[in-house]
Every structure is written in C-alpha cells, then in structure tokens.
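Asks: After the structure tokens below, expect a handful of questions from me.
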Amino acid sequence: MSGDPFDEGGGSILRQPKAVWATAGASVVAFMGIGLVDPTLPSIAKGLRATPSQVSLLFTSYFLITAVAMLVTGFVSSRIGGRKTLLAGLALVVVFAALSGSSDSVGQLVGFRAGWGLGNALFVSTALAVIVGAAAGGSAAAILLYESALGLGMACGPLLGALLGDASWRFPFFGTAALMAIGFLAITAFLKEQPKPARKTSLLDPVRALGHGGLASAAVSAFFYNYAFFTVLAFTPFVLNMSPYRSGAVFFAWGVLLAVFSVLIAPRLQERFGSLRVLGGSLVLMAADLLVLGYGNHTTAVVCTVLSGAFIGLNNTVYTELALGVSDAPRPVASAGYNFVRWFAAAAAPFLAPKIEEWTDIHIPFVVAACAALAGAAVVAARRKSLVMEAEELREERAEPAPAGSATA
C-alpha cells in the first residue's frame, strides 16, 4: 500500500460501493455513541445526583456487555447473515439510546447503556467484516475506511454531546437514537445480504482463536492500551471540569487528531518505520503524555488531552491491522477474540480511575494509565519477532500484499 491512503493506485478508500458507504456512515454514528456522553458527564452527575464513580459506570456497563457480546456476534452473524446482524444491532441501539434519554436514575441509565452496548457490539464487529468483504481496494483500504469512520465518530460524538447537552443531558441520547434510525434505513436500502460463512461460528471459536500466539499477544497488548485510552476518555472530563461546550471542543479537537493520525499519518509512518516500531513508539509517547497530563496545570491537561488523540489514532490503526493480519482464524472470528479481550479494559478503566482517585489522589489514575501503556509496549517488544514472522507466514498463505510497513517492523 502506498503512503497515501487516498491514492487510487494503492487501493483508494474513496471509490466504494454504496453499501460500504452506508455501513461506514452508520459506523460513524455508532462510534459517536462512545464519546457522546463525555462533555455531559458532570451534567449527568448533577442531574441524577450521582458521584463521578457512579456516572463512570455508564462506560463500564457499556463496554462490559460489549466485551462479552463479542463471543456472540460471530455466532449470530454466521447464522442470520451480516446484514440482519447489522440491522439487529442498530435496532437495539435505537431503542436503548432512546430509553437512556428517558432515565430517571443513574441505575436506569447504566442498565440502558448495557443494552446499548449489546447493540453496538453486534453492529461494530459485523460492520468491520462487512466493510472488509465489500470494499474495493483490498483489506488495507477497508481498514482505513473503518478507522476513518471511527475517527470521525470519535470527533463528532463529543461535539454533538456538547451542542445537544447544553440544553439537557438527555438530548444527546435522543439525538443518537434518531441518527441510528437513519443508519438503519440506509443499510436497509443499500446493503444486500452478505454470503454466509461456509462454516457456522460457535460461541467458543473466538476464545479458541486466542490460542494463536500472535493474536493473543496483540489482544493482551491492546488490553493494556485500552486501559490508558479509556482513562483519557472517561476520567479526564471530571479532571478538566469544564462546561459542556468547552469540554466538547476539547474532545472534538482530540477526535480530529485521532482521525488525522489514524487515516493519514499512520500509513506513512508504517511505510517508513514499520508497524511494530510505530506502535511501540506511540505507546511510549502516550505514556509520557499521560504523566504530563496528570501532573500539569489545567492548560497543560487540556493540551495533553488533545495531543493524546494523535497517539490513540496511530495505535487504533496498527492494532486493527495486527489483529486481522496475524491470525490464521477467519477475520470475523479473530476480530471477535481480539475485541473480547481488549474491551474488558475499556470496562475497567472508567470504573477504576475514579476509585483510584478516591483511594489516593487525582494524579495516580494517570500514573496507572501510563504504566498500562508501557505494559502494552513491552508486550509488543517481547513478541516482536514472533509477530512479524507469523504475519509474514499468514500473508504467504493468503497470497495477499503486506499492510504498510508490517514486514519491516
């Protein structure tokens, strides 16, 4: 793949079938739902008379269900097909997002977010497989398109949350329900049923896939990385303690950097330095950024929060390519096993970060997150030779071109 992901000669992500754009568009909204509540977390806590640790359960319930549901997504999609699985996931998000907006207590909201997480798991895991299968330009272009949707959704989620949440913390949830309903209609109109796998996926297939050393290494490293990632996403809004508009602006800038580095910068760096060097270096820099964020003044914390989006963008792209390119399991199964592991960290960080602050002080959650990022880099370094060899062997078997820079990592 060329250094320019928009270069048609390298597999353009711009010229795609309508079905791919419909799925990618719905993916943007799905990822918007992750960061949507960020600017309104303090408002939700105030409106429902809840503590930060209680409100953080909005993320914990969401991602805990998402992690467990990863074992179910392949089982479901291999039996009813990708299109029906996408639509079922979207329908669940529409229902539970609307119910979230009507909550009268933090307990209700946490429960409805769990249902939302189930719908999102069904949609997001299947969307990647659908985009990879239907996109023009090969898997590398498809992954970049998926990461573009992720970055755009992460950028727009906090902005939408701020704009709607300034009037009421309930409005962002209703807005998400409406947008996902539009996504439901778009996929209904443009996406034809995908061919079902020749072999049905069992509930334990993703777990068995983790028996592959390369995939297990990628998943464990991503677990530590995700802990750092979601400490930023779920805990920093309480540290910044800004109005919804200002917090939304900070996380919008964060999301823009995430999208730019994920889609434009990551391929160039991978081509020049190799995927694993980029990943290891980015994780170390992210750890340094988190330490400065935790111990700096308010302005420094804002700058470091925005800057973390660059490292998260790089990491997201490389981890996705690594998870899909290192295992001999079918891509949907490998993706499910990988996501099953890493989303547990996304569930743990929002719960543990405020608890750690209560037990110690406001700096230590960021120290823990920095250590987690370094642990992720250590796993990559320890398994570097094995990851490269396994990825090369698998590409030879599949007779596919290598992703940018992966063979020189």
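The values are calculated or read from the model by the stated rules, or taken from the named source; none is laboratory data. For clarity, every value in this text was computed on a predicted model and none was experimentally measured. Methodologically, a virtual Cβ is constructed for each residue, glycine included, from the backbone with ideal geometry; neighbour enumeration extends over all protein chains shown. Side chains are part of the model used for accessible areas, which takes the heavy atoms of the whole protein and leaves out ligands, DNA and RNA. Shrake-Rupley method; radii C 1.70, N 1.55, O 1.52, S 1.80 Å.
Asks: Hey, among the residues in the stretch 335-363 that are assigned to a helix (DSSP H, G or I) and open to solvent by 50 Å² or more (accessible area, probe 1.4 Å), which one's farthest from Trp116 (Cα to Cα)?
Replies: For the stretch 335-363, the residue satisfying everything is Trp359.
Asks: Another question, if that's okay. Scan the stretch 9-21 residue by residue and report those that are touching a Leu at 6+ places or on another chain (Cβ under 8 Å) and either open to solvent by 10 Å² or more (accessible area, probe 1.4 Å) or modelled with pLDDT under 80 (or both). Even if it seems obvious, please write down each step before you answer.
Replies: First, pick out the residues of the stretch 9-21 that are touching a Leu at 6+ places or on another chain (Cβ under 8 Å): 13, 16, 19-20.
Of everything in the stretch 9-21, those that are touching a Leu at 6+ places or on another chain (Cβ under 8 Å) and either open to solvent by 10 Å² or more (accessible area, probe 1.4 Å) or modelled with pLDDT under 80 (or both) turn out to be Ile13, Gln16, Ala19.
Asks: I would also like to ask the following. Just for helices (runs of 4 or more DSSP H) wholly inside the stretch 198-288: which have at least 2 residues that are within 16 Å of Ala310 (Cβ to Cβ) and hydrophobic (A, V, I, L, M, F, W, C)? Don't jump to the end; show me each part of the working.
Replies: Working: elements: 205-209, 213-240, 244-260, 266-273.
Here the list reads 213-240, 244-260, 266-273.
Asks: Also, I was wondering about something else. Condition test on Ala69, is it crowded, with 21+ Cβ neighbours inside 10 Å and either more than 20 Å from Trp343 (Cβ to Cβ) or of a type in the set (A, V, I, L, M) (or both)?
Replies: yes
Asks: Looking only at the stretch 46-65, count every residue that is modelled with pLDDT of 80 or more and either acidic (Asp, Glu) or open to solvent by less than 10 Å² (accessible area, probe 1.4 Å) (or both) and tell me the total.
Replies: 2
Asks: Could you figure out which of (1) out of contact with any helix residue (DSSP H, G or I) (no Cβ under 7 Å at 6 or more places or on another chain); (2) more than 26 Å from Thr60 (Cα to Cα) isn't true of Val278?
Replies: Only one criterion is unmet by Val278, namely (1).
Asks: Here are the criteria: (1) assigned to a helix (DSSP H, G or I); (2) at pLDDT below 85; (3) open to solvent by 30 Å² or more (accessible area, probe 1.4 Å). Tell me which single one Glu321 does not satisfy.
Replies: Among (1) assigned to a helix (DSSP H, G or I); (2) at pLDDT below 85; (3) open to solvent by 30 Å² or more (accessible area, probe 1.4 Å), Glu321 violates only (3).
Asks: Something else now. Out of all the residues in the stretch 100-113, is one or more open to solvent by less than 10 Å² (accessible area, probe 1.4 Å), touching a residue at least 60 places away in the same chain (Cβ under 8 Å) and under 25 Å from Ala209 (Cβ atoms)?
Replies: For the stretch 100-113, residues open to solvent by less than 10 Å² (accessible area, probe 1.4 Å), touching a residue at least 60 places away in the same chain (Cβ under 8 Å) and under 25 Å from Ala209 (Cβ atoms): absent.
Asks: Checking Tyr227 against (1) of a type in the set (Ser, Thr, Tyr); (2) closer than 30 Å to Leu41 by Cα; (3) touching a Lys or Arg at 6+ places or on another chain (Cβ under 8 Å); (4) open to solvent by 10 Å² or more (accessible area, probe 1.4 Å), which single condition isn't satisfied?
Replies: Here Tyr227 meets the rest and fails (3).
Asks: Which numbered condition in (1) under 30 Å from Ala141 (Cα atoms); (2) touching a residue at least 40 places away in the same chain (Cβ under 8 Å) is the only one that Leu285 fails?
Replies: For Leu285, the failing item is (2).
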